[in-house]
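The block underneath contains the structure these notes are about, expressed in structure tokens.
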Amino acid sequence: ALLEVLDPEQNHTFSDHYLEVEFDLSEVMFITTANVTHTIPPALQDRMEMIRLPGYLETEKVKIAQNFLLPRMLSRHGLKNSDLKVSDPGVRKIIQLYTRESGVRNLERELSKILRKTAVNFASTGRRSGVSVTPKNLERFLGVPHLTEKELPGSPMVGVVTGLAWTSSGGDILRIEVGFMPGTGKLSLTGLLGDMMKESAQIAVTYARGVAEMLPLKKNFFNEIDVHIHVPEGAIPKDGPSA
């Protein structure tokens with residue numbers, strides 16, 4: 001249906017299959033949105049003008065929360081500016097530990113939880129006192145963090161390399177672990193990897209075999225060992241053009 005609707009050669013007589021009436025859609029501008037483009041069929045992409053909008057940076061999200069989201073939500077929850085203050089470091093911790101997105105929808109949800117708890121506390125105690133939310137007392141309002149901060153290892157580790165990953169909510173890092181054991185040259189790949197990711201691992205092994213003479217390796221080293229490559233967070237699929 002979309003192919004016909006967006007094609008200027010035939011959308012002036014688009015026929016709706018429910019009403020069976022022709023519509024002239026040649027003067028209609030359609031705006032469609034998607035988080036990723038590689039899942040859109042090429043024929044459909046060919047009929048559209050692509051406009052890429054980058055996600056918000058962390059500093060931008062903090063400003064949006066302080067200057068727009070919080071003032072609007074305070075009035076909706078029957079609170080005043082003096083009733084609740086959320087520090088910039090507090091907002092930053094909410095972004096890092098409770099949300100993972102390119103926009104601010106989940107950030108708004110998490111802030112609304114804080115406001116609801118504050119409003120309920122005021123209503124149940126009958127006292128209004130200024131509440132300040134900081135990284136130290138954030139768990140009291142939102143509970144245990146949903147996410148963990150990923151840190152780069154302090155020093156290089158044998159068999160572990162840090163990779164870069166692209167997600168719809170921004171960049172991420174992932175550890176790639178490699179283990180060797182006596183065997184017959186078998187390559188094992190784990191971590192819910194897609195075809196492109198598996199092929200990349202096979203290319204890496206092929207390259208290592210090709211330059212074995214330049215490295216302190218035996219000539220037929222690969223025939224005597226098994227290689228296991230694992231990318232942690234096994235429940236998350238890993239693939240795509242960057243793999």
What is the distance, in nm, between label points placed 7 Å from the Cα along the Cα-to-Cβ direction at ARG52 and at ASP226?
4.2 nm
Accessible surface of GLU58 - all protein chains present, 1.4 Å probe, nearest 10 Å²
70 Å²
Would you work out the charge dipole size for the range 204-243 about its Cα centre, treating the Cβ of every Lys and Arg as +1 and the Cβ of every Asp and Glu as -1, and quote it to the nearest 20 debye?
160 debye
Spatially close lysines, pair count over the chain: Cα under 16 Å, gap of eight or more or interchain:
13
Dipole size in debye (nearest 20) for the range 121-226 around its Cα centre, Lys and Arg Cβ +1, Asp and Glu Cβ -1?
480 debye
Along the dipole axis of the range 31-113 (charges at Cβ: +1 for Lys and Arg, -1 for Asp and Glu; origin at the Cα centre), the most positive-end residue among SER112, HIS77, ILE40 is HIS77
Please list ILE94, ILE64 in order of solvent-accessible area, largest first, computed with a 1.4 Å probe with all protein chains present.
ILE64, ILE94
For the chain, rounded, prolate or oblate, judged on the Cα gyration tensor with a ≥ b ≥ c (square roots of eigenvalues), a/c < 1.5 rounded, else prolate if a/b > b/c?
oblate
What is the distance, in nm, between label points placed 7 Å from the Cα along the Cα-to-Cβ direction at SER26 and at ASP172?
4.7 nm
Keeping all protein chains in place and using 1.4 angstrom, which order do GLU20, GLU101, GLU177 fall into by accessible surface area, from largest down?
GLU20, GLU177, GLU101
Residue-level accessible surface for LEU189, protein heavy atoms, 1.4 Å, Å²
50 Å²
If you add up the charges near SER26, with Lys and Arg at +1 and Asp and Glu at -1, over every other residue whose beta carbon is less than 11 angstrom from its beta carbon, what do you get?
-4
Report relative contact order for the chain in percent, whole number only (criteria: Cα-Cα under 8 Å, sequence separation at least 6).
15 percent
For the range 17-81, just say rounded, prolate or oblate: build the C-alpha gyration tensor, square-root its eigenvalues into a ≥ b ≥ c, call rounded for a/c under 1.5, and beyond that prolate if a/b exceeds b/c, oblate if not.
oblate
To the nearest 0.05, the calculated FRET efficiency linking LYS186 and ASN106 through their beta-carbon distance, R0 being 41 Å, is 0.45
For a quick check, take a GNM of the chain with Cα springs below 10 Å and name the residue from LYS219, LYS80, LYS113 with the largest mean-square fluctuation.
LYS219
Full-extension gain between ARG209 and GLU151, please, as 0.36 nm times their residue separation minus the C-alpha to C-alpha distance.
17.7 nm
Calculate the dipole size of the chain relative to its Cα centre from +1 charges on Lys and Arg beta carbons and -1 charges on Asp and Glu beta carbons; express the result in debye to the nearest 20.
2100 debye
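Take PHE68, PHE23 and sort them by solvent-accessible surface of the protein heavy atoms, 1.4 Å probe, largest at the top.
From most accessible down to least: PHE68, PHE23.
What's the FRET efficiency of MET196 with ARG127 using the Cβ-Cβ distance as r and R₀ = 51 Å, to the nearest 0.05?
About 0.30, to the nearest 0.05.
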Quote the relative contact order of the range 20-136 in percent (integer), defining contacts as alpha-carbon pairs under 8 Å separated by 6+ residues.
30 percent
Can you give the accessible area of ASP172, probe radius 1.4 Å, in Å² rounded to 10?
40 Å²
Rounded, prolate or oblate: which fits the range 1-113, taking a ≥ b ≥ c as square roots of the Cα gyration tensor eigenvalues, rounded meaning a/c under 1.5, else prolate when a/b beats b/c?
prolate
Taking the Cβ-Cβ separation of GLN10 and ALA43 as r and a Förster radius of 22 Å, what is the calculated FRET efficiency to the nearest 0.05?
0.95
For the chain, calculated [θ]222 nm from helices alone, where every DSSP H run of n ≥ 4 adds -39500 (n - 2.57)
-9000 deg cm²/dmol
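The values are calculated or read from the model by the stated rules, or taken from the named source; none is laboratory data. Just so we're clear, the structure is a prediction, and the values are computed from it rather than from any experiment. Heads up, the Cβs are rebuilt from the backbone with ideal geometry, glycines too, and the neighbour counts pull from every protein chain shown. These accessible areas exclude ligands, DNA and RNA; they are computed on the full protein's heavy atoms, side chains included. Shrake-Rupley method; radii C 1.70, N 1.55, O 1.52, S 1.80 Å.
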